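Heads up, the thing below is written out as structure tokens.
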Amino acid sequence: MISTFFGLDALSSSAAMLTAFVIGLAFGFSLEQAGFGSSRRLAGIFYFRDMTVLKVMFTAVIVAMLGLQYASELGLIKEEHLFFMPSIYGAQIVGGLIFGVGFVMGAWCPGTAAVGLASGRLDALVFLAGAGIGSIFFNEFFGLLKGLYAWGDRGVRFAWQDLGLSASGFGFLMVAVALLMFWGSEYLEKRRAAGGTYWRSPFLRSFSVVMILLALGLMAMDGRVAGERPAGGAASTSAMLAEIESAKDHMEPEELADRLMRREPGLMVIDIRSAEEYAGFHIRGAVPMSMADLPELLAGRENQGIIVLYSNGMTHPAQARDALFRMGFTNVYILTDGLVGFLDRILKPASLRTDLLSEEQTARINSWRSYFLGADKTPAAPAEPEKPLAVSQPVPPAWPGLVEPAWLAENLGSADIRVIEVRAQAQYNGGHIPGSVCVSHDNFRGVVAGISSMLQPSELLAGHMSLMGIKPADQVVLVYDDKPHDATLVAMAFARLGHGRFGILNGGFPRWAQEKRPVTTELPQAQKSQYPVPAPDTFTVTYKQIMENLKAPNHVILDVRPTEYYTGEKVDEARGGHIPGAKNRPYTDDLVKYGKVTMLKPTEELAKAYASLVPSKQTTVVIHCRTGHQASQTFFVMRYLLGYERVLWYDAGWTEWAARSELPVEK
Amino acid sequence: MIMKESMGPKPYMNPYLAGVILGLTLLASYLILGAGLGASSGIARIAAYLESGLVPSHVGSSEYFGAWGKEPLNYYLVYMFFGVFGGGLVSAFLSRRLQFQVERGRKASIKFRLVLALAGGVLAGFASRLAQGCTSGQALSGSAMLLSGSLVFLICVFAGGYAAAWFVRRQWHD
């Protein structure tokens, strides 16, 4: 099995750079040998004069395609080691058309122009300069082009999948089309007396035969294997997705418990957590295996008996299960809700359960407990996280978003990095990130039009930024202590100002301290700046706007207060309950704690949770809480981490809604 | 050596053979790097680097180039681009095709040809950012993976090229 630089996440290592350079040498050499150091020859294809471009390009495409398919068929390489570009149809159609015009005008493309320059062609140098200018042009107008850039994004899509064919079947078609074009080109060139050297030549005949045989061989392999393993073709992928959709790949804890107690032969339960966690507690009868070892240790168990994977949650087992499915395992299941679910549904004592239990149910629970716990003792349950918190990596942030402590530590000295600690003054005085300033989130709030705790208007916010010496181009990192929503509230101030690059430190100050990153008691130096005042933001909504859209389609209201406030059980305002039709997603559901460190949950997990609440990324979502504080965290998650496009913030929140008796309330 | 210099350029390689070598290079790129070939990214990053030499804070804060960080050149496709130039140089030298000239039809002026080369470059540079790749990254590498969007891009490149070919034909008139 081959591990690629991409697969090892090492594309930015110096070894990868050197490899890329060497591959570039071969790339440039073959282009020049083909005659692509000449613009005249390249342009020939557009006048049906010289079809070399077509011959070289399509030969390369089918050779690499066959090679890739053989490599994956023989198990040399796995999909996760390859980078697949997404299909973004709008951008690729418009880009392709413009590119084609540029190609025929300049008679170069980027790669061949480099070779042309190496061959001394001055028109290649001019083309390259133009391409640089075109790139800069794109960057300058990126704000306007963003929509087009992402227009028609369908993720990774394969043509064979879209056409309902197998990869090898479509590959055969590609080879056939390419060969037809080759023969056609030779005939054309011969007719025009400009070449056609290979028309009916023994060379082209044997080349064509070899290519067809290779393509057929692949189809035969696919056919032979199809009976034994379902991987590879379109049908198997859709079969897998169908099973996932219908949750057929899940096993409920109760079913697993009963099967284990029956000591069913052929049942294999695998714990894929760390060895320490396994040693701490595991389901009786489970064997420990690390995810990386699964393919090797399970070899030969394809479709024999039943394999159940579990971890604390479901993400890792689901990934492992998908990987195994691709290898031909159709007998792998994941435990619904993971070990956490097992503890709750199987091992929780009957006395602690909230549902009314029949005697039979109580007896069943007791028998499970006695089997899996031996004695009546509670397991050393791993409270929440699957793994201990890993040390952060210096991944550059995608602004606005999360900032990794390791990245901040590496870039701390830069003039345009500004750190703002949204922590208590006393804590800040005791030690803070070098160069950081300290503010309270309440500094940015005040009474606006009679409503308290509103985010201040932009002219006041700009004044705060000017005093702190922050400039619009700065990269601003907001640091919280144990409440991410303190930082996200300040992030709302930056959002209102239209600031481009701001983010919150992932894990806040406690994680910074835990990773033993630099801390100081010195105060920073800041020079006053002149922060410009922008137009009012477009994401803050009023109760009137909410009322107007209360019954609008594709419109979701998210109430992020604790559930007892949403239901009206607890009331701290004029009235209790919630806005009619609002859904409840407490902001605390997005958090996870590792000891002292409070973090937002992993993005994939959040994405799943919100996908079930909000139909699409284009749905309008109004987020509110009581004062706008907690809602700022959900806003940050949905808008910046998950990419929902229309997220609105009802800052006045339940304080205002409850006080205005004319507004409807639901309980 | 003297004898060789007096000889003209060597003939081009059999295009199918050159295509096989190019295809194997692409395959090697996939199996070793895990990603395909690319050229326009290298140009764009060099452009970002040059622009940031002139207006550093502007580039740093711009949304597209800014995402590449302070050292846009520190990227594998930039190295690959230099490799392409190097490989082309070696091959052109060995095949005695190194010649300083502006390639054009005999009846076309140098100025006309260079204006078209510049304009074509601007369009191609812009379009390859929009489509996230050029003939190398999308049309060649993506098509070999049978990616839908890359095949669509490939078809559109030829559609655009053939549509515009008639209008710029004079640069090749002899």
Worksheet item: With respect to the numbered conditions (1) open to solvent by less than 60 Å² (accessible area, probe 1.4 Å); (2) of a type outside the set (Val, Ile, Thr); (3) within 25 Å of the chain's Cα centre (by Cα), which one is the sole condition not fulfilled by A:HIS578?
Response: (3)
Discussion item. I'm trying to understand the selection: among the residues of the stretch A:135-173, which are assigned to a helix (DSSP H, G or I), farther than 16 Å from B:SER128 by Cβ and among the hydrophobic types (A, V, I, L, M, F, W, C)?
Written reply: A:LEU144, A:ALA159, A:TRP160, A:ALA167, A:PHE170, A:PHE172, A:LEU173
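Residue-wise test of (1) closer than 30 Å to B:GLY105 by Cα; (2) touching a residue at least 60 places away in the same chain (Cβ under 8 Å); (3) polar (S, T, N, Q).
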| site | (1), (2), (3) |
| --- | --- |
| A:HIS81 | no, yes, no |
| A:GLY100 | yes, no, no |
| A:MET105 | yes, no, no |
| A:TRP108 | yes, yes, no |
| A:VAL126 | yes, no, no |
| A:PHE138 | no, no, no |
| A:ASP162 | no, no, no |
Worksheet item: Does the stretch B:102-119 include one or more residues that are of a type in the set (Gly, Ala, Ser) and part of a helix (DSSP H, G or I)?
Response: yes
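Looking at the structure I just gave you, is B:SER52 part of a helix (DSSP H, G or I), more than 7 Å from every other protein chain (Cβ to nearest Cβ), of a type outside the set (A, V, I, L, M, F, W, C) and within 26 Å of A:ARG418 (Cα to Cα)? Full working, then the answer.
On the way: part of a helix (DSSP H, G or I): yes; more than 7 Å from every other protein chain (Cβ to nearest Cβ): yes; of a type outside the set (A, V, I, L, M, F, W, C): yes; within 26 Å of A:ARG418 (Cα to Cα): yes.
The answer is yes for B:SER52.
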Worksheet item: What about A:LEU144, is it more than 8 Å from chain B (Cβ to nearest Cβ) and in contact (Cβ under 8 Å) with a residue 40 or more places away in the chain?
Response: no
Practice prompt. Give the residue, chosen from A:ASP442, A:ASP481, that is part of a loop (DSSP other than H, G, I, E, B), of a type outside the set (Gly, Ala, Ser) and either open to solvent by 20 Å² or more (accessible area, probe 1.4 Å) or touching a Phe, Trp or Tyr at 6+ places or on another chain (Cβ under 7 Å) (or both).
Written response: A:ASP481
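Matching residues to (1) in contact with a helix residue (DSSP H, G or I) (Cβ under 7 Å, 6 or more places away or on another chain); (2) open to solvent by 20 Å² or more (accessible area, probe 1.4 Å); (3) at negative phi; (4) not in a helix (DSSP H, G or I):
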{"site": "A:PRO434", "(1), (2), (3), (4)": "no, yes, yes, yes"}
{"site": "A:SER466", "(1), (2), (3), (4)": "no, no, yes, no"}
{"site": "A:ALA473", "(1), (2), (3), (4)": "yes, yes, yes, yes"}
{"site": "A:ALA493", "(1), (2), (3), (4)": "yes, no, yes, no"}
{"site": "A:GLY498", "(1), (2), (3), (4)": "no, yes, no, yes"}
{"site": "A:ALA513", "(1), (2), (3), (4)": "no, yes, yes, no"}
{"site": "A:LYS528", "(1), (2), (3), (4)": "yes, yes, yes, yes"}
Practice prompt. Among residues belonging to the stretch A:600-646 that are touching a Gly at 6+ places or on another chain (Cβ under 7 Å) and not in a loop (DSSP other than H, G, I, E, B), point out the one that is nearest to A:ASP337 (Cα to Cα).
Written response: A:LEU641
Worksheet entry | Answer residue from the stretch B:94-134, given it is in contact with a Leu (Cβ under 8 Å, 6 or more places away or on another chain) and either more than 7 Å from chain A (Cβ to nearest Cβ) or in contact (Cβ under 8 Å) with a residue 12 or more places away in the chain (or both) and is farthest from A:SER135 (Cα to Cα) among those | B:VAL102
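In the stretch A:336-359, what residues are assigned to a helix (DSSP H, G or I) and either surrounded by 17 or more Cβ atoms within 10 Å (Cβ to Cβ) or of a type in the set (S, T, N, Q) (or both)? Even if it seems obvious, please write down each step before you answer.
Our first condition is that a residue be assigned to a helix (DSSP H, G or I); within the stretch A:336-359, this holds for A:338-347, A:350-352, A:359.
Selection gives A:GLY338, A:LEU339, A:VAL340, A:GLY341, A:PHE342, A:LEU343, A:ARG345, A:ILE346, A:LEU347, A:SER351.
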Worksheet item: Tell me, which helices (runs of 4 or more DSSP H) lie completely within the stretch A:17-126 with 2 or more residues that are within 7 Å of chain B (Cβ to nearest Cβ), under 23 Å from A:MET181 (Cα atoms) and open to solvent by less than 40 Å² (accessible area, probe 1.4 Å)?
Response: A:39-43, A:52-73, A:89-106
Response to the item:
Of (1) surrounded by 14 or more Cβ atoms within 10 Å (Cβ to Cβ); (2) in contact with a helix residue (DSSP H, G or I) (Cβ under 9 Å, 6 or more places away or on another chain); (3) modelled with pLDDT under 85, A:TYR565 satisfies every one except (3)
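Can you name every residue in the stretch B:78-93 that is more than 7 Å from chain A (Cβ to nearest Cβ) and open to solvent by less than 70 Å² (accessible area, probe 1.4 Å)? Talk me through it step by step, then tell me what you get.
Going residue by residue through the stretch B:78-93, those that are more than 7 Å from chain A (Cβ to nearest Cβ) are B:78, B:93.
The answer is B:VAL78, and nothing else.
Out of B:LEU27, B:LEU22, B:LEU37, which single residue is within 7 Å of chain A (Cβ to nearest Cβ) and open to solvent by 10 Å² or more (accessible area, probe 1.4 Å)? Show your work before the answer.
Working: B:LEU22 fails: open to solvent by 10 Å² or more (accessible area, probe 1.4 Å); B:LEU37 fails: open to solvent by 10 Å² or more (accessible area, probe 1.4 Å).
Exactly one of B:LEU27, B:LEU22, B:LEU37 is within 7 Å of chain A (Cβ to nearest Cβ) and open to solvent by 10 Å² or more (accessible area, probe 1.4 Å), namely B:LEU27.
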Worksheet item: modelled with pLDDT under 90, within 34 Å of the chain's Cα centre (by Cα) and under 30 Å from A:PRO253 (Cβ atoms), is that true of A:LYS377?
Response: no
Item to complete: Could you tell me which of the residues A:ALA176, A:ALA215, A:ALA242, A:ALA235 is in a helix (DSSP H, G or I), at pLDDT 90 or above and out of contact with any Phe, Trp or Tyr (no Cβ under 7 Å at 6 or more places or on another chain)?
Response: A:ALA176
Worksheet item: How about the stretch A:395-419: which of its residues are over 16 Å from A:ARG517 (Cα atoms), of a type in the set (A, V, I, L, M, F, W, C) and in contact (Cβ under 8 Å) with a residue 60 or more places away in the chain?
Response: A:TRP399, A:LEU402, A:ILE417
Worksheet entry | Which listed residue, of B:GLY161, B:GLY149, B:GLY142, B:GLY137, is in a helix (DSSP H, G or I), facing chain A (nearest Cβ under 7 Å) and either within 18 Å of B:LEU26 (Cα to Cα) or of a type in the set (Ser, Thr, Tyr) (or both) | B:GLY142
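The values are calculated or read from the model by the stated rules, or taken from the named source; none is laboratory data. Since the model is a prediction, treat every value here as computed from it, not as a measurement. Note: ideal-geometry Cβ built from the backbone for every residue, glycine included; neighbour counts use all protein chains shown. To get the accessible areas, we keep the full protein, side chains included, count just its heavy atoms, and leave off ligands, DNA and RNA. Shrake-Rupley method; radii C 1.70, N 1.55, O 1.52, S 1.80 Å.
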